[in-house]
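*Asks:* Input: one structure, supplied below.
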Amino acid sequence: MTPDTPHSVADSAGRRWPVIDGIVFARASRPELAAEALARLDAGDRDGALVLLLADQDDWWRGPTADVAALRALVANRASLTLRQAMEHLSWGPVGDYFAHRWSDPTFLAGLALMEAHWTAPRSAFELACGIGQYLRALSQRGVAATGADVVFAKLWVARHWVAPEAELICLDAAMQPWPIGEDRRFDLVACHDAFYFLEPKGPILAGLRAMAGEGGWLAIGHVHNREWPNLSAGAAVTTDELSALFPDGIAYDDAELTRAAVERRTPRAAPPPALRGAEAFSVVAGPGAIPARSVTGALSLPPEGAFLRRNPLYAAGEIAWPSERYAREYGPRATYPARTDCPEHAVATAATADWALRRELLDLPERW
C-alpha cells in the first residue's frame, strides 16, 4: 500500500482505497463502497465518506442498520461522547454490551492468560478480527507495537478514538487474500481472539496468520467455539478433530481453564484436543516461536502499575446487574467477580489492589468509557 493522496492509498494492482483517521479501508468485497467513499473524499466531503464506512457491517450481522442521522451526530460529536454512547449511535445492541463489558468477561481474561503464559516479550504484534481493540490496548500498554485488522471499519474507528489510539489499524476481508499488509511483513506475536470460529475458509486464513509469524513468531488463537457444545453465538465452530488437524503443533487449552489459571496465578494446564470434547471453547498456541507455558503472575492479566482503576460498572448496590439475560447466560457462569465485594469505587493499580483487579472487581477502563 502506497499513499497517493492524503486520504487514500494505492495497492500493487493500482486500486485506490480510502483512508480516514489513519485507518485504511481495504475491504475487497466492498469495491462499490470504497469507490463511493473515495469519490466523497476526493470532493472534500470527509464526514460524508466517514458516515458511509461507519454504516458497513460484517456478513454475520443480523441487527439493524445504523441510522444515518445518528451516524452524523456521532461524527460531529465524537470528541465529547463516551464509548458507550458511540456504540449506541452505531446501533450495535448486544454487540455493544459485549464490547462495553469486555474488560471483565471471562473470555477476555482467558485470552490475556493465554498470551501471558507463553509470553516472549514481543516487540510487535498483529491481531486479526481485533474488534474495538481491547487486546491491542493491553499490548500497547506493555510497549508492543500493535497492529489490528477487522472486517468492520466502525469497530476500528471506535478503537482509534476510544480504546487503542496508538495502534496501526486496517479494514480487510480475512477470506480474501493476499492481505493488504505487506507480503514480507512479520510479527513476533500473531493473535486472533474470540473470532476464529467465525472465519472461513479456516485453512487459508490460518496459513496467512502463520506466514505473518514467520520463522520466529508464534500464534495465540483464543476462545474458538466447540461445535460439539451448545454454543450461544453464531459462527463456524470447530470440533476437537478439526482443532487437531488445524494445529498439529498446537498447545491446546480449555478456555475456562485459562480464566481459572489467571485468577489463581498459576500455570494453565494444557490438554490434548480429544480430552477437550466437553469444553465450551478452545484456545491454542502454535508456531515456531511458541514456548512452553509458565505461571500466569499478572504481567499481562493485571493492569499496568499505577493505572487508574474503577469499580466494575456491572455492580449495582453490591449485586451484579447484567446488561441482558443473554449476557448473563453466556458469561455469568464463569464470571470471576463475586456478587458482593468490598472493593472501593476507585483505586490505583498496585500490589495491594491486584486481587481485586484479577477478579475484575476493579477495571482499567478507557478514560472515556
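*Asks:* So, with +1 on the Cβ of K and R and -1 on the Cβ of D and E, and no other charges, what is the size of the charge dipole of segment 76-132 about its Cα centre, to the nearest 20 debye?
*Replies:* 180 debye
*Asks:* Could you tell me the extents of segment 230-369's C-alpha atoms along the three principal axes, largest first, rounded to whole Å?
*Replies:* 47, 35, 26
*Asks:* Still on this structure, I have one more. Just name one of Ala100, Pro304, Val152: the one whose Cα is farthest towards the positive end of the charge dipole of the chain (beta-carbon charges, Lys/Arg +1, Asp/Glu -1).
*Replies:* Going by the Cα projections, it comes out as Pro304.
*Asks:* Still on this structure: Defining a contact as two alpha carbons under 8 Å apart and six or more residues distant in sequence, what relative contact order in percent does the chain show?
*Replies:* Answer for the chain is 16 percent.
*Asks:* How many Å³ per residue does the convex hull of the Cα positions in segment 2-132 occupy?
*Replies:* Looking at segment 2-132, the number lands at 159 Å³ per residue.
*Asks:* Pick out, in residue order, every one of the GluC sites (Glu not before Pro) in segment 190-276 that is DSSP loop and has at most 12 other C-beta atoms within 10 Å; say none if there are none.
*Replies:* Glu215
*Asks:* If I take all pairs of Cα atoms in segment 83-181, what percentage of them are more than 15 Å from each other?
*Replies:* Taking all Cα-Cα pairs of segment 83-181, the fraction more than 15 Å apart is 62 percent.
*Asks:* Please compute the Cα-Cα pair-distance distribution of segment 257-296 with 5 Å bins starting at 0, giving whole percents from short to long.
*Replies:* Over segment 257-296, the share of Cα pairs per 5 Å bin runs 5, 20, 27, 26, 19, 3 percent.
*Asks:* Among Ile23, Ile205, Val163, pick out the residue whose Cα is farthest towards the positive end of the charge dipole of the chain, where Lys and Arg carry +1 and Asp and Glu carry -1 on C-beta, about the Cα centre.
*Replies:* Positive-end residue among those listed: Val163.
*Asks:* Let me ask something else. Calculate the dipole size of segment 98-228 relative to its Cα centre from +1 charges on Lys and Arg beta carbons and -1 charges on Asp and Glu beta carbons; express the result in debye to the nearest 20.
*Replies:* 160 debye
*Asks:* Ignoring any ligand, DNA or RNA, what whole percent of the accessible area of the chain comes from carbon and sulfur when the probe is 1.4 angstrom?
*Replies:* 54 percent
*Asks:* Could you tell me how many cubic angstrom of Cα convex hull volume segment 300-363 has per residue?
*Replies:* About 83 Å³ per residue, rounded to a whole number.
*Asks:* Computed on alpha carbon atoms, what radius of gyration and Dmax characterise segment 37-113, expressed in Å?
*Replies:* Rg, Dmax (Cα atoms, Å): 15.0, 47.
*Asks:* Given a 1.4 angstrom probe, what's the average accessible area per residue across segment 1-125, in square angstrom?
*Replies:* Heavy-atom SASA per residue in segment 1-125 reads 43 Å².
*Asks:* Separate question: With +1 on the Cβ of every Lys and Arg and -1 on the Cβ of every Asp and Glu, and nothing else charged, how large is the dipole of segment 38-116 about its Cα centre, in debye rounded to the nearest 20?
*Replies:* For this selection, approximately 220 debye.
*Asks:* Which shape class, rounded, prolate or oblate, goes with segment 190-291 when its Cα gyration tensor gives a ≥ b ≥ c as root eigenvalues, a/c under 1.5 marks rounded, and past that a/b bigger than b/c marks prolate?
*Replies:* oblate
*Asks:* Please work out the FRET efficiency for the pair Asp42 and Thr65, using the Cβ-Cβ distance as r and a Förster radius of 35 Å; give the result to the nearest 0.05.
*Replies:* With a Förster radius of 35 Å, E is 0.85.
*Asks:* Excluding Ala39 itself, calculate the net charge of residues whose Cβ lies under 11 Å from the Cβ of Ala39, where each Lys or Arg counts +1 and each Asp or Glu counts -1.
*Replies:* -2
*Asks:* What does the convex hull of the Cα atoms of the chain come to per residue, in Å³, rounded to a whole number?
*Replies:* Spelled out: Cα convex hull of the chain, divided by residues, is 131 Å³.
*Asks:* Tell me the net charge near Gly131. Cut-off is 10 Å between Cβ atoms, Gly131 excluded, with +1 for each Lys or Arg and -1 for each Asp or Glu.
*Replies:* Summing Lys/Arg as +1 and Asp/Glu as -1 gives -1.
*Asks:* Can you tell me what share of the DSSP beta bridges in the chain is antiparallel? A percent to the nearest 5 is fine.
*Replies:* Close to 55 percent.
*Asks:* Which residue fluctuates the most in the chain, going by a Gaussian network model with Cα springs under 10 Å, if the choices are Ala37, Ala121, Ala129?
*Replies:* Comparing Ala37, Ala121, Ala129 in the GNM, the peak value goes to Ala121.
*Asks:* In nanometres, what is the gap between the two model label sites at Trp229 and Arg186, each 7 Å from Cα along Cα-to-Cβ?
*Replies:* Spacing of the two 7 Å Cα→Cβ label points: 3.4 nm.
The values are calculated or read from the model by the stated rules, or taken from the named source; none is laboratory data. In this text the structure is predicted, and so the values were computed from the model without any measurement. For neighbour counting, all protein chains shown are included, and Cβ atoms are generated from backbone atoms with ideal geometry for every residue, glycine included. For accessibility, only protein heavy atoms count, side chains too; no ligands or nucleic acids. Shrake-Rupley method; radii C 1.70, N 1.55, O 1.52, S 1.80 Å.
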